[in-house]
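Some notes on the structure that comes next.
The values are calculated or read from the model by the stated rules, or taken from the named source; none is laboratory data. Remember, predicted model here, so these are calculated numbers, not experimental data. So basically every Cβ, Gly included, is an ideal-geometry build from the backbone, and we count neighbours across all protein chains shown.
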Amino acid sequence: MEEKEQEKNELLKQREEKLGKIIELGLPAYPNKFEWTQTVREIVNAYKMKSAEELEGQPVAVRVPGRIMLIRDMGKASFFHISDASERLQVYVRKELVPERDFKLLKLLDLGDHVGIAGTLFRTKTGELTVKVESLHFLAKSLLPLPEKFHGLADVELRHRRRYVDLAVNPDVKRIFETRCAIIKAIRRFLDQRGYVEVETPMLHPIPGGALARPFITHHNALDMDLYLRIAPELYLKRLIVGGFDRVYEVSRVFRNEGVSHMHNPEFTMLEFYEAYSCYTDLMALTEEMVTGIAQNVLGKTELKYGEELIPLDGPWPRMAYMEAIERFSGLTRNDLADEQKVLQEALRWGMSGAKTHSKALDYLFDRYVKPKLQRPTYVIDHPTSISPLSKQHPDNPAIVERFELWIGGMEIANGFSELNDPVEQLRRFEEQTKDRTAGDEEAHLVDLDYIRALRCGMPPTAGEGVGIDRLTMLLTDSENIREIILFPLLRPHEER
RNA sequence: GGGCCGUUAGCUCAACUGGCAGAGCAACUGACUCUUAAUCAGUAGGUUGUAGGUUCGAUUCCUACACGGCUCACCA
């Protein structure tokens, strides 16, 4: 059994032997520190435009760490590339130019090893920016080989299971996550400038609320109580509005115990923000400014390429009432849509499963007919009250609410509304939801009596909004699968071999 | 959860109708002091996802299972 293991890991054994020889050279196996002055990316950015003559006239000394990605050994001289997972830099080692021990070290290096390079910049005769090495420093060994230098790691499953390898060999992957970071930073900057306060509210909820979704259940031992991983921070943020934080936001993880797909990961990141003394039209204007601002900031332009589509973000973004949108794209008349039987039939014809209510069936038709058409930024507004238990009704029509969804590239990017602040009406809505739940709708909202108490204390007129950071990132990085923009997406565990 | 497709060397992929499991890269040995996926000569590397079945013989056909991709259903 053990012999078999050893045979299996021949590549591992070879590299362990090389590490042994490196130790024999008197070098530490895992040194603590390399004093560096520049990163690979800094060097490439700063000197990529400098000519050979400029580099020769004013020699640039560098000390740069990196991982070996490619070796071209020619006996008494050797070229290799080091990488910081963003950029690559060529390095040239010549036997007569480095200490004897460094040259011996060179022969013991493998693809994937971390090294520190000290030397000066020059250009080879083919024009590539290169470091002429004066000393070579061993930093850490890669005992397992990196994937092939040309194709890299292509297997999607392995890329996501072993993100560390994916990142190391595929520079575009690191770029996507840098863009994700830039998006979140731009959002914070945008809201901070407008007087928003960033807050943190509980992730462990005694009553899950703020969205229509099934929660994850967990348990607190000392208190012996079940808790739910939050499905939305909404109800806590509005409690803060009651308390006098007029503008709050939270960027954080929410958890929904639903299916997994190219658009859904069980944990994902939401921005939610609430602003007192505003209504939903104010937030539509704000969102337009924020999203175009982020695109400008992150991409340097306001036109997106998403899959086959070219999507200009220029405003003003059209607003389309929910019922009118269904009418327009389904070809059904207003009277048809008012007829519960007709709507149910139409939805079942499309493949809706199980018994559903009139409004659920309408929403189904919306997904089927309208959603794919909403490539350019569009606000769908004024949803039915029955599917919006936390939104405020129109003053002149209680059947619909002051709500909007922002659709771009066929994806729902944001959802906002004027917040319902009437505790009596809110309790009535919760009780409606309870009926749905009794009828078998596991996603229906639960009654949160403490939230009702908060509303009774008086919440000012307020508008609030949630933005799916993952979807926004997909849009801005032209990613079709949510797993491309989540570092460690949920996967079934796989037996290690 | 349903349907379709996939899983072969460390990585990327071949293998016709069932007939000795192959290449490139990586690795190893050697040559090479400006290379660009360096080149040249040689070597080694496999329980073909797992478990059964059919067959003289299975990477190939059948069944089940595991994991993944696409898609449909539900959700953001």
Looking at (1) in a strand (DSSP E or B); (2) in contact (Cβ under 8 Å) with a residue 12 or more places away in the chain; (3) within 11 Å of RNA strand B (Cβ to nearest atom), which is the only condition A:LEU108 fails? (1)
Within segment A:113-128, can one find any residue that is of a type in the set (A, V, I, L, M), near RNA strand B (Cβ under 9 Å from one of its atoms) and under 14 Å from A:LEU19 (Cα atoms)? no
Are any residues in segment A:381-411 under 27 Å from the mean Cα position of the chain (by Cα) and closer than 17 Å to A:TYR364 by Cβ, and if so, which ones? A:SER388, A:GLU405, A:TRP407, A:GLY410
I'd like the full set of residues that are within 6 Å of RNA strand B (Cβ to nearest atom) and either closer than 30 Å to A:ALA61 by Cα or outside any loop (DSSP other than H, G, I, E, B) (or both), limited to segment A:135-150. A:LYS149
What are the pairs, 6+ residues apart or on separate chains, where a residue within segment A:62-76 that is without any contact (Cβ under 8 Å) to a residue 40 or more places away in the chain has its Cβ under 7 Å from a residue that is small (Gly, Ala, Ser)? A:ARG72/A:SER78
When you look at A:TYR236, is it farther than 29 Å from A:GLY116 by Cβ and hydroxyl-bearing (Ser, Thr, Tyr), yes or no? yes
Scanning segment A:466-492 residue by residue, the ones that are crowded, with 17+ Cβ neighbours inside 10 Å, within 23 Å of A:LEU304 (Cα to Cα) and within 13 Å of RNA strand B (Cβ to nearest atom) total 16
How many residues does segment A:55-72 contain that are at pLDDT below 95 and charged (D, E, K, R)? 1
Test for A:ALA29: is it surrounded by fewer than 17 Cβ atoms within 10 Å (Cβ to Cβ), more than 9 Å from RNA strand B (Cβ to nearest atom) and among the hydrophobic types (A, V, I, L, M, F, W, C): yes
Restricting the search to segment A:204-226, which residues are within 29 Å of the chain's Cα centre (by Cα), over 18 Å from A:TYR236 (Cβ atoms) and assigned to a loop (DSSP other than H, G, I, E, B)? A:ARG214
Which residue, of A:LEU167, A:LEU212, A:LEU153, is within 11 Å of RNA strand B (Cβ to nearest atom), under 20 Å from A:ILE482 (Cα atoms) and surrounded by 15 or more Cβ atoms within 10 Å (Cβ to Cβ)? A:LEU153
Only one of A:LYS132, A:LYS50, A:LYS18 is part of a loop (DSSP other than H, G, I, E, B) and either within 14 Å of RNA strand B (Cβ to nearest atom) or farther than 30 Å from A:LEU153 by Cβ (or both); which? A:LYS50
Kindly evaluate A:LYS356 against the criterion of being modelled with pLDDT under 85 and either among the aromatic types (Phe, Trp, Tyr) or closer than 30 Å to A:ALA454 by Cβ (or both). no
Any residue at all in segment A:85-92 that's assigned by TED's automatic domain parsing to the domain that holds A:LEU139, over 20 Å from A:THR120 (Cβ atoms) and more than 9 Å from RNA strand B (Cβ to nearest atom)? yes
Would you be able to say whether some residue in segment A:449-461 is at positive phi, more than 10 Å from RNA strand B (Cβ to nearest atom) and modelled with pLDDT of 95 or more? yes
